[in-house]
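See below for the structure under consideration.
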Amino acid sequence: MSAAPRVLVIGYGNPLRRDDGVGPRAAAAVASWQLPGVVAREVYQLVPELADDLSRVEWALFVDASLDTSEVHACEAAPSPAPACLDHTSDPARLLALTAAVYGRRPRAWLLTVPAADFGFGEALSPASEDGLRSALAWARAWLEERGVPVGDGDGRPSRELKWLMNR
C-alpha cells in the first residue's frame, strides 16, 4: 500500500462470473481516480491477509454484488460478535472482527452492495449491474468527499475508464 492511506476500498467477487465481478470493477474505477490517501484493491475473496491493510486505515468501503437487492444499498459494516475464524473466505463483519482482534484497531467501514442478476460464466455485466455500478460509483464519490477526500467534479457521466471497465 502507498504511504499513509486513509481509505481502503475493497471490491470483491469473481470477474469471470459476470455480475459477481462488479465489486472488482468498482475498485478498479476508484483506483483509476488516483485519489490522495485512497487505496483500492480488487480481490476474489475476503481473505485474512486483508486484515493488515484494514488495520492501517481510518475508513474502509467493501463493494460486492448481491442477488438480494434491486438497487444499490449501503450500510455501515460492524464487526461480527462471533469470534473470527481463520478460514480462507470471509465477509466484511468477520474480517473487521479479525482485524480488531489481531491489531487492536479497525477502520469504520461500509458495505456497498450492487444488484446482480447473472452469475453465469462470462465477463460482461447484466444491464442491472451496469446501472448499479454507475450508481455505486456515484455513491462512493459522495462517501469519499464526506471523508475529506478531494474527488473532483464527478459530473455523473461515465468516464472513459468506467466505459472501458464496463465493456471488458
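Bear in mind these aren't lab numbers, they're just calculated from the coordinates by the rules spelled out. If you're wondering where the values come from, they're calculated on a predicted model, not measured in any experiment. Because the Cβ atoms are built from the backbone with ideal geometry, glycine has one as well, and the counts that use them run over all protein chains shown.
Fewest-first ordering of Asp91, Asp52 by other beta carbons within 10 Å of each residue's beta carbon gives Asp52, Asp91. Comparing Gly37, Leu95, Pro107 along the charge dipole axis of the stretch 7-167, the residue lying farthest to the positive side is Gly37, per the Cβ-charge model.
Per residue, the convex hull spanned by the Cα atoms of the stretch 25-82 amounts to 131 cubic angstrom. This ranking places Tyr44, Tyr12 by how few other beta-carbon atoms lie within 10 Å of each, fewest first, which gives Tyr44, Tyr12. Mind checking the log10 I(q)/I(0) for the stretch 7-167 at q = 0.12, 0.16, 0.17, 0.20 Å⁻¹? Debye, one equal scatterer per Cα, no solvent, two decimals. For the requested q values the scattering log ratios are -0.48, -0.85, -0.96, -1.29. DSSP assigns beta bridges within the stretch 7-167; of those with both partners inside it, close to 20 percent run antiparallel. On full extension, the segment bounded by Leu16 and Phe121 gains 37.2 nm, given 0.36 nm per residue less the C-alpha separation. Note on Val151 and Glu58: with the Förster distance fixed at 25 Å, the Cβ-Cβ geometry gives a FRET efficiency of about 0.90.
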